[in-house]
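Participant: My questions all concern the structure below.
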Amino acid sequence: MATSSVSKGCFVFKPDFKKRKISVPIEDYFNNEILGSEDSKLRFETYHLLWQRMKSETEQLQEELNKNLFDNLIEFLQKSHSDVQKNSRNWGCQMKLREIPTAALILGVNVTDHDLIFRSLTETLRNNVTPYVVSLQAKDCPDVKHFLQKLTSQLMDCCVDEKSKETRSPKTSRTTSYSMDSLCSWYTAATQTTGPKLTSKKRTTCSQWQCPPVVLILKNMESFSTKVLQDFIIISSQHLHEFPLILIFGIATSPVIIHRLLPHAVSSLLCIELFQSLSSKEHLTVILDKLLFTAQFPFKISKKALQVLTNIFLYHDFSIRNFIKGLKLSLLEHFYLQPLSVLCCDLPEAKKRVKFFSVNQCENIRRLPSFRRYVEKQASEKQVALLTNETVLKEETQLLLENLHVYHMNYFLVLRCLHNFTSCLPKYPLGRQIRELYCTCLDDNVWDSEEYTSALQLLRMLAKEELVSVLEKCCEVLSSSAEKQLGSTAQKVKGFLTQLQNLDDSKEEEDACGSQLKGLQKTDLYHLQKSLLEMKELRRTTKKQTKFEMLRENVVNFIDNLVRVYLLPPESQPLHEVVYFSAAHTLREHLNAAPRIALHTALNNPYYYLKNEALKSEEGCIPNTAPDICIAYKLHLECSRLINLVDWSEAFATVVTAAEKMDANSTSSEEMNEIIHARFIRAVSELELLGFIKPTKQKTDHVARLTWGGC
C-alpha cells in the first residue's frame, strides 16, 4: 500500500473487518483427535451443564457458611453506631467517641479465598448497614497521602442515588485536597444532601440514621505499613465525632498481629472485637459432602485423584478456591478423555442417550474393562448377545446404569453411618474425617484391612450412652434420604435404638453380683483370697453376657454386614469408568507445578512441547534444528563448573553451521559468523536470565554453572 506525502509521517491503516480471523467455537476445541469421538459437542454441553450445577451449589454453600459470620458482623456494626447516635450526650459515651469500633476478622492463611469473602461482605454491608463501604489493599497505600486518596476516591463512588452522582463533576476529583478535613466536609455535605430517604429497600436499620457510618475494610492487615496505620488511626480518632468510622481488619495469621503492628498508645484508640471465620478444613468437608459424597451429581473421583487434590490443599495453600478449580479441571479432563462420559449425567437422560448410540459407541462400551469382566460372568448365550447384538447391549447398559445409580445412593448412606461409628473411636483407626474413610473404601475391600478389624474391636467396647448417640445419628442419616433404598435398614436401626433406650441393666448387674457373693462365707484371709481367685477364673471362663452386651454385639454385626454388602469398591461395578475420573497423573502435571523440571524438559527435549517432527532426536544427541537456547543449554550440560565462552561459542557455531550446511571456516561466511555469534550471545543471555549461569570474577572469559543433575 503506497502513500505519497510532502513531509514524513506515520500512517495507520485499519484492517478490513472481512479479513479478520473468525473465532472458533469453544466446543470445537473439545474434539479429541486421538479418541476420534463423534459426540464431542454433546460431551462439552454435558460438561458445561454439570459444572454450572456444581458451581451454583458451591456458591450457595459458601453463602450459607458465611451467613453466620456476616450476621455477627452486621450486629456489631449496627450496635456500635447506634450506641453513639443515641447516647451522644452521655459523658461515658463522649469518652468513647475517640475509640474507633474495630472488627478483627480472622480469616486464616488461605489468602486466595479472602477476595471472595470481602466481596460478599462488602455487598452485604451495603445492603444492610451503610452505603459507604470501602476496601483498601496495602499495595495501594504506601503512605498516608495515598491512603487518604484511595479512601476519598472510593467514598465518592459510593453515592446512593443517581442525583448524587450527577452533582459530582469530573473536575471536583482533580481539585480535591486529600486530607481528613476535606473528607469530613464532604461526608457532612453528602449526608445532608441525601438524607435518610436514599437508603435501599433492604436497608432497614440504617434508615433511622441520618448519618450512616463509614466502614473501612483493610484487606490483609499484616501487609500494611506500621507507620501508615498508626498515623491514620490517630488522625481518624480526632475526627470521629464528625466522621463516624468503623474499621474491619482482615487478618490471616493471629490477632496478636494487631499489638505487634500498633503500640499501646494507638491500639487503645480502638474498640476491638474478634470474629472467627469457618476453618478451611471444615469448609472442605462441607464442599466434599455436597459435591462428591452424594448421588445428586453423577461425577465421581478415584482415590488417587482425590488424594492429589486434598494433598495440594492440606500441604500447599488451604485454598477452597484452588480446590474447586482442581475439581473443575478433573471434570473437564474426564469429559475430554473419556468418550463414554456422555453418559455422565442424570439417570433418565443417560437412558435416553443410550438408545441413540452408534455402532462405534457400542464398541466403546464393549472395550471397557469393567464391562468385559461383567460379560465373562454371564452365561454363554448372553455373552454372545451382548457382544454381537446392539439392542441387547443397549438394554443391558440401561440396566447397569440404573444399578450404578442405586449403588451410589446406598454407598454414601452406609459410608456416613460407618463414619458416625468410627469417628468417636480413640486414635481414629479409619480416619477422623469422612474423606479419609472414603479413600480407604475406594481402594479395596475395607473389611480386609487391619484398621477395620481394630475399629470393630473398639466398637464392641462402646458404652450405652455412646452407642445410643451413634445410632441416633445413623437414624438421621437414613431418614434424610428421600428414597428408601436400603429397605428395612432404617427400621432395624430404630429397633436397636428403642431396645437400648428401654434396657434396664441395673437389676441384672445386681443379680449377678448377688449370685457371686452368695458363695462367700466368713473365713480367714488365706481362704478368702483363694476363693476370690477361683471365682475370677470361673467368671473368665464361664462369663454370661448381659443383655446390653448381646445387643451391642448384634448392632456391631449388623453394621459389619452393611459394610460388606454396600461398601464394595467402585471397580467392582460395571461401567464405573463412565462416571469415575482416575487420571491422577494428569492432575499432578497441571496442578503440582515443578518449574525446574518443566524448564529442563523444554530445553533438553523441545519436541515434548513444540511437537515438531524436525526436533526429534536420539537421547544424548543435539539436534541441529533445535532453537538456539536449547543448543546452548545442551552444550552447557557437558561442561564443568566453569565454562569457557570461546569453546562454548565454537561448539555452538559447529552445531548451527551443521544445520545450515555451511563450513564455519570458510572466508565467504563472515557475515554469517557474525549472525551466529549474535545468536550465541542472545542464547547465553537467556540462560543467565533463567538462572543457569552467572558471570564469574575468577576468569574474565568464563561463566559459572549454577545447576546440576539435569535440572
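Participant: Over all directions, average the projected area of the Cα convex hull of region 333-490 and note it in nm².
Facilitator: 12.1 nm²
Participant: Now for a different question. Working from the pairwise distances between different alpha carbons, so that the mean of 1/r is found and then inverted, what is region 553-711's Kirkwood radius in Å?
Facilitator: Evaluated over region 553-711, this radius sits at 19.8 Å.
Participant: Now, a different point. Mind giving me the FRET efficiency for K139 and L337? R0 is 41 Å, r the Cβ-Cβ distance, nearest 0.05 is fine.
Facilitator: E(calc), rounded to 0.05, equals 0.50.
Participant: Let me ask something additional. Once the Cβ-Cβ distance between Q52 and R119 is put in as r, and R0 is 25 Å, what FRET efficiency do you end up with, to the nearest 0.05?
Facilitator: After rounding to 0.05, the efficiency reads 0.80.
Participant: Here's another thing I want to ask about it. Using a 7 Å offset from the Cα along the Cα-to-Cβ direction at both N68 and C271, what is the distance between the two label points in nm, to one decimal?
Facilitator: 2.6 nm
Participant: Where does each of 650-658, 366-374 land if you order them by average Cβ count within 10 Å, highest first?
Facilitator: Final packing ranking: 650-658, 366-374.
Participant: Right, another one. Once the mean 1/r over all distinct Cα pairs of region 407-492 is inverted, what Kirkwood radius in angstroms do you read off? Don't jump to the answer; show the numbers that get you there.
Facilitator: On the way: mean 1/r = 0.0737 Å⁻¹.
The answer is 13.6 Å.
Participant: Given a 1.4 Å probe and every protein chain left where it sits, what share in percent of the accessible area of region 249-375 is carbon and sulfur?
Facilitator: Solvent-exposed carbon and sulfur of region 249-375 make up 56 percent of the total.
Participant: With the crude spin-label approximation of a point 7 Å out along Cα→Cβ, what separation in nm comes out for A704 versus L689?
Facilitator: Computed distance between label sites A704 and L689 equals 2.3 nm.
Participant: Working out 0.36 nm times the residue gap between N561 and L642, then minus their Cα-Cα distance, what length gain in nm do you get to one decimal?
Facilitator: 22.2 nm
Participant: Here's something else I'd like to know. Which residues' amide hydrogens lie under 5 Å from the amide hydrogen of L245, considering only partners 5 or more residues apart or on another chain, with H built in the peptide plane?
Facilitator: V214
Participant: Find, to one decimal place in angstroms, the Kirkwood hydrodynamic radius of region 227-278, where the mean of 1/r is taken over every pair of different Cα atoms and then inverted.
Facilitator: Taking the inverse mean of 1/r over all distinct Cα pairs, region 227-278 comes out at 12.1 Å.
Participant: Between E619 and S254, what FRET efficiency follows from the Cβ-Cβ distance if R0 is 45 Å, with the result rounded to 0.05?
Facilitator: According to the calculation, E is roughly 0.30.
Participant: Taking only protein heavy atoms into account and a 1.4 Å probe, give the accessible area per residue of region 593-636 in Å².
Facilitator: Roughly 59 Å² per residue, with all protein chains present.
Participant: Another one. Going highest first, how would you order 101-112, 459-470 by mean Cβ packing within 10 Å?
Facilitator: Descending packing order for the listed peptides: 101-112, 459-470.
Participant: Something else now. Which pairs break 31 Å Cα to Cα here: K328/K382; K281/K304; K219/K303; K139/K611; K473/K547?
Facilitator: Flagged as over cut-off: K328/K382; K219/K303; K139/K611.
Participant: Would you mind calculating the gained length between A598 and T546 on full extension (0.36 nm times residue separation, minus the Cα-Cα distance), in nm to one decimal?
Facilitator: 12.1 nm
Participant: Grab the Cα-Cα distance for T285 and Q60, subtract it from 0.36 nm times how many residues apart they are, and report the gain in nm with one decimal.
Facilitator: 79.5 nm
Participant: Measuring from label point to label point, each 7 Å out along Cα→Cβ, what is the H585 to R372 span in nm?
Facilitator: Output for this residue pair reads 1.8 nm.
Participant: For a distance above 24 Å, tell me the whole-number percent of Cα pairs in region 563-655 that qualify.
Facilitator: In whole percent, the long-distance tail amounts to 48.
Participant: On average, how much accessible surface per residue is there in region 302-356, in Å², for a 1.4 Å probe, leaving out ligands, DNA and RNA?
Facilitator: Averaged over the residues of region 302-356, the accessible area is 44 Å².
Participant: Another question, if that's okay. Determine the alpha carbon to alpha carbon distance for each of K290/K427; K300/K355; K79/K227; K41/K352 and list only those over 20 Å.
Facilitator: Pairs exceeding 20 Å: K290/K427; K300/K355; K79/K227.
Participant: Over region 409-459, average the accessible area per residue using a 1.4 Å probe and give it in Å², no decimals.
Facilitator: Normalised by residue count, the accessible surface of region 409-459 is 41 Å².
Participant: Another question, if that's okay. Counting Lys +1, Arg +1, Asp -1, Glu -1, what net charge surrounds S280 among other residues with beta carbon under 14 Å of its beta carbon?
Facilitator: Net charge in that neighbourhood comes out at 0.
Participant: Now for a separate question. What's the ranking of 335-341, 419-425, 430-436 by average number of surrounding C-beta atoms within 10 Å, highest first?
Facilitator: 335-341, 419-425, 430-436
The values are calculated or read from the model by the stated rules, or taken from the named source; none is laboratory data. On a predicted model such as this, the values are computed, not experimentally measured, just so you know. No Cβ is skipped: glycine too gets one built from the backbone with ideal geometry, and neighbour counts run over all protein chains shown. What goes into the accessible areas is simple: the full protein's heavy atoms, side chains included, and nothing from ligands, DNA or RNA. Shrake-Rupley method; radii C 1.70, N 1.55, O 1.52, S 1.80 Å.
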